[in-house]
1. Out of (1) closer than 27 Å to Val71 by Cα; (2) in contact with a helix residue (DSSP H, G or I) (Cβ under 6 Å, 6 or more places away or on another chain); (3) modelled with pLDDT of 75 or more, what's the single condition that is false for Arg110?
2. Looking only at residues in the stretch 31-53 that are part of a loop (DSSP other than H, G, I, E, B) and touching a helix residue (DSSP H, G or I) at 6+ places or on another chain (Cβ under 7 Å), which one is modelled with the lowest pLDDT?
3. Is one or more of the residues making up the stretch 98-120 more than 18 Å from Asp156 (Cα to Cα) and among the acidic types (Asp, Glu)?
4. Can you tell me which residue in the stretch 108-154 is farthest from Lys169 (Cα to Cα), limited to those that are among the charged types (D, E, K, R) and touching a residue at least 12 places away in the same chain (Cβ under 8 Å)?
5. Gln31: assigned by TED's automatic domain parsing to the domain that holds Asp147 and not basic (Lys, Arg), yes or no?
Amino acid sequence: MQVPMSSQSGIERRFSFELSFVLSGCDELSQDVLVTDICNAVPEDDPIIGLGRKGQVGVMLDLSGSCAEDVMLDAARRVLAVLPEGSYLHEAHPDLVSLQEVANHLSTTRQNLRLKPLPAPYAGGLFRLSELSGLFEDHIERAGQGDKRYKMNVEDASGWLNASFAAQKLNGLIAAGLLDRRTLKVSGLQSEVQP
């Protein structure tokens with residue numbers, strides 16, 4: 001079984017991701033109105049909306065499409081359209097993740113993930129999910145051979161894994177100043193991400 005984890009286009013796949021926005025004028029916003037507006041902006045999903053941090057909103061989505069970048073940018077544009085003017089995209093997730101977060105998504109343990117050598121972590125001991133993805137194919141094969149130490153639920157996490165390359169790419173474009181956080185237009189780089 002192969003898990004499609006790249007951002008190549010063509011095949012319709014599911015992408016599970018979170019978009020984090022910084023709000024402008026958040027003191028005057030009604031949370032109920034904001035949640036309703038975001039849900040109406042993405043009617044094909046029932047997003048999970050996080051309002052725990054003052055001045056920010058997180059929107060977890062589970063959408064289908066053939067290209068992760070296109071799906072994520074389209075969703076971000078639709079959400080931005082209902083946010084107060086001046087709001088902007090802060091980051092896309094999953095990109096940098098903890099081993100515990102990966103273990104939770106795969107219904108396994110951190111110890112199970114450590115059965116193979118891991119790539120070097122980044123700041124704060126976080127890993128790029130896209131760099132960990134190669135480990136899962138071996139785990140699937142070993143589990144298929146009956147090795148219970150390698151058991152994990154990759155099928156249920158496939159949408160999350162599928163979104164990892166696109167989240168990393170979008171965050172890289174934001175960090176390099178090549179993706180305008182307010183308009184979500186790419187500039188200065190030949191890219192697969194289209195405005």
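1. All conditions pass for Arg110, except number (1).
2. Taking the stretch 31-53 and keeping what is part of a loop (DSSP other than H, G, I, E, B), we get 42-47, 51-53.
Right, trim to touching a helix residue (DSSP H, G or I) at 6+ places or on another chain (Cβ under 7 Å) and you get 42, 47, 51.
Working: Val42: 92, Pro47: 92, Leu51: 87.
It comes out as Leu51.
3. There is no residue in the stretch 98-120 that is more than 18 Å from Asp156 (Cα to Cα) and among the acidic types (Asp, Glu).
4. In this case the residue turns out to be Arg149.
5. Working: assigned by TED's automatic domain parsing to the domain that holds Asp147: no; not basic (Lys, Arg): yes.
In short, no.
The values are calculated or read from the model by the stated rules, or taken from the named source; none is laboratory data. Predicted model only: the values in this text are computed from it and were never measured. All Cβ positions, glycine included, derive from the backbone under ideal geometry; neighbour counts span all protein chains shown.
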